[in-house]
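Read through the structure below, which is laid out as structure tokens, and then see the notes.
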Amino acid sequence: MAIHAAKTVFLSTLFLLSVTVFRSQAALDSNYYAQTCPQAESIIAQTVRNATIYDPKVPARILRMFFHDCFIRGCDASILLDSTPENKAEKDGPPNISVRAFYVIDDAKAKLEKACLNTVSCADVIAVAARDVVTMSGGPYWRVLKGRKDGRVSRANDTINLPAPFLNVTGLIQSFAKRGLEVKDLVTLSGGHTLGFSHCSSFLPRLHNFSKVHDTDPSMNSNFASMLKNKCPNPTTNGDAGQVLDSTAAQFDNDYYKQLVSGKGVFLSDQSLYIDERTREIVESYSQDQNLFFQEFAASMIKLGNVGVSEVGEVRVNCRRAN
């Protein structure tokens, strides 16, 4: 899945080098903190809610953070670790340069440490916060399984394994399969793009000199393409220019899939989900039935939250550095 926009484009072949399948090695439980920190979820929810009031971009950023964390070393909060003079961490890898809102997780973690010392992992904070931003934006609610431990390793070079916005369905299926996720999970989790924004750099190749035959990607709605060309000329000198990923970008709904059916997917990887016969039927079903999308999204998020979970790790006191 093109989980969200990456500012730097990598050759798609690089994403196919890893053959590791991340499997969960630990049993998670939705009641994991019932005795040790019963107020954990309410603390996280209130922190996320307050942050969103001041910055409406927080929901999209937290959701993207969760995807990008789980897709690298599994859901271990490695995306939160700061770089050191000896090591460049994931958050400073090119696809993660535009990931923001780390301060929200820091704030929630600080409050949790006051309430329940050395108890709630940073990885669980991200997982709960990701659920909360979806629900607060009008999307589904699900019981988050908890009990993850925080990893101690974070390498910027690993971020080349994040699915890029130009991958075709074959590349996306391979990327998801390495994480134990199926084709339906790919299409369903791509619906997270109903929240958010992309800079021009992640879809500019679709607008200019797309191929020897077509200047613009022919799968794109012509009026939509003209609008994007006005926003993103070649070269684009305004680094802040870009496009929301669906027409209701602050609302979690099924509009993303309606956009794909209309040829208005922003990323090539998004639009390919409607073009490819392996995924088209799922896109169409979600575009017609928002309740079905919500139900399947919750299930796929639970499944994503299990990727790479292990009993080996620690509960960080500060999410930005290992203990």
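The values are calculated or read from the model by the stated rules, or taken from the named source; none is laboratory data. Since the model is a prediction, treat every value here as computed from it, not as a measurement. So basically every Cβ, Gly included, is an ideal-geometry build from the backbone, and we count neighbours across all protein chains shown. Protein only, heavy atoms only, side chains kept; ligands, DNA and RNA dropped before computing areas. Shrake-Rupley method; radii C 1.70, N 1.55, O 1.52, S 1.80 Å.
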Find the residue count for the stretch 157-180, including only residues that are open to solvent by 10 Å² or more (accessible area, probe 1.4 Å) and either farther than 22 Å from ILE126 by Cβ or of a type in the set (A, V, I, L, M, F, W, C) (or both). 7
Lone qualifier among VAL99, VAL125, VAL104 - being under 12 Å from the mean Cα position of the chain (by Cα), under 25 Å from SER190 (Cα atoms) and of a type outside the set (S, T, N, Q): VAL99
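Yes or no, residue by residue, for (1) among the hydrophobic types (A, V, I, L, M, F, W, C); (2) surrounded by 18 or more Cβ atoms within 10 Å (Cβ to Cβ); (3) closer than 25 Å to VAL104 by Cβ:
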{"site": "ASP240", "(1), (2), (3)": "no, no, yes"}
{"site": "LEU245", "(1), (2), (3)": "yes, yes, yes"}
{"site": "ALA250", "(1), (2), (3)": "yes, no, yes"}
{"site": "ASP253", "(1), (2), (3)": "no, yes, yes"}
{"site": "GLY265", "(1), (2), (3)": "no, yes, no"}
{"site": "SER285", "(1), (2), (3)": "no, no, no"}
{"site": "LEU292", "(1), (2), (3)": "yes, no, no"}
{"site": "PHE297", "(1), (2), (3)": "yes, yes, yes"}
From the set of residues in the stretch 242-264 that are at pLDDT 95 or above and in a loop (DSSP other than H, G, I, E, B), which is nearest to the chain's Cα centre (by Cα)? PHE252
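Take the stretch 66-122 and flag every residue that is small (Gly, Ala, Ser) and either in a helix (DSSP H, G or I) or over 22 Å from CYS37 (Cβ atoms) (or both).
GLY74, SER78, SER83, ALA89, GLY93, SER98, ALA101, ALA108, ALA110, ALA115
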